[in-house]
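Heads up: the structure comes next, in structure tokens.
The values are calculated or read from the model by the stated rules, or taken from the named source; none is laboratory data. In this text the structure is predicted, and so the values were computed from the model without any measurement. Every residue, glycine as well, gets a Cβ built from its backbone with ideal geometry; the counts of neighbours run over all protein chains shown.
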């Protein structure tokens, strides 16, 4: 199939454009996909941190209320504690955790919470009893379970922070991975552009300069136009046409010169 000059240039430039376009689309899709995935994990981590902090605050308020009741001992009614909200937050925390390695820590929080609440229910019997000191019961029996609950919540929060840092680093590395196709495409595009420039220089610019040099020699020194180069496009066709015109012009010049010489002899 014979390709003309315009087609060759159009195909070369189109190839560069297609490579850059495809690589850009790949980069954008890769970045959006990974960014959405990692962003969701980071959002879950932040939600988990907030829920764990609310669990710690709720447990601390209840423990302080019990401590006030132990110091007063004028009432045997236990302070209010929204156990349903605490359990719902634990379930929400479990649902938002993105790492399976953190699940056992969430289970530990629920176990510690159950042990602490069961022990706190002993307060009514302790206050009514004449043999058990409420302060000793609080500091020796209830407080260790509360400390265990706080420690489990703190471990869970620390693990969530570590997971959040890992996801943040993943988000950063995702950005660099997503731009790699773009960088490769730019490199390939530059390489194709250099190849195109080399192709144009060797197969088009250089022959044009050679054609101009041959035309100058032909016009100034009456040298024959004998430049030739392989090809099948319009530039080769143009060179063949110039060569034919130069040859015909050379023949015509010789005829005119011969006619002038004959005219000069007849005049003599």
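Residues are listed down the side, and each one gets a yes or a no for (1) modelled with pLDDT of 75 or more; (2) within 41 Å of the chain's Cα centre (by Cα); (3) within 30 Å of residue 18 (Cα to Cα):
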position	(1), (2), (3)
232	no, no, yes
239	yes, no, no
255	yes, no, no
261	no, no, no
* **Restricting region 150-170 to residues that are over 17 Å from residue 93 (Cβ atoms) and either touching a residue at least 60 places away in the same chain (Cβ under 8 Å) or not assigned by TED's automatic domain parsing to the domain that holds residue 58 (or both), the residue that is nearest to the chain's Cα centre (by Cα)** => 170
* Asked: On the given criteria, is residue 118 touching a residue at least 40 places away in the same chain (Cβ under 8 Å) and either in the same structural domain as residue 94 (by TED's automatic domain parsing) or surrounded by 19 or more Cβ atoms within 10 Å (Cβ to Cβ) (or both)?
  -> no
* **Test for residue 128: is it farther than 24 Å from residue 26 by Cα, at pLDDT below 75 and out of contact with any helix residue (DSSP H, G or I) (no Cβ under 8 Å at 6 or more places or on another chain)** => yes
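So which of 204, 218 ends up being over 30 Å from residue 13 (Cβ atoms) and either modelled with pLDDT of 75 or more or surrounded by 10 or more Cβ atoms within 10 Å (Cβ to Cβ) (or both)? Step through it out loud before you land on a result.
Values: 204 fails: over 30 Å from residue 13 (Cβ atoms).
Going through 204, 218 in turn, the sole match is 218.
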* Asked: Taking the stated definitions as given, is residue 144 assigned to a helix (DSSP H, G or I), over 42 Å from the mean Cα position of the chain (by Cα), modelled with pLDDT of 80 or more and not assigned by TED's automatic domain parsing to the domain that holds residue 13?
  -> no
* Structure fact -> Checked 159, 154, 185 against criteria (at pLDDT 75 or above, surrounded by 15 or more Cβ atoms within 10 Å (Cβ to Cβ), touching a helix residue (DSSP H, G or I) at 6+ places or on another chain (Cβ under 9 Å) and part of a helix (DSSP H, G or I)); the one match is 159
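Surrounded by 11 or more Cβ atoms within 10 Å (Cβ to Cβ), more than 56 Å from the chain's Cα centre (by Cα), outside any helix (DSSP H, G or I) and at pLDDT 75 or above, is that true of residue 223?
Values: surrounded by 11 or more Cβ atoms within 10 Å (Cβ to Cβ): yes; more than 56 Å from the chain's Cα centre (by Cα): yes; outside any helix (DSSP H, G or I): yes; at pLDDT 75 or above: yes.
So residue 223 fits the description; yes.
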* With respect to residue 243, determine if the residue is surrounded by 15 or more Cβ atoms within 10 Å (Cβ to Cβ), free of Cβ contacts under 8 Å to residues at least 24 places away in the same chain and more than 22 Å from residue 12 (Cα to Cα). => yes
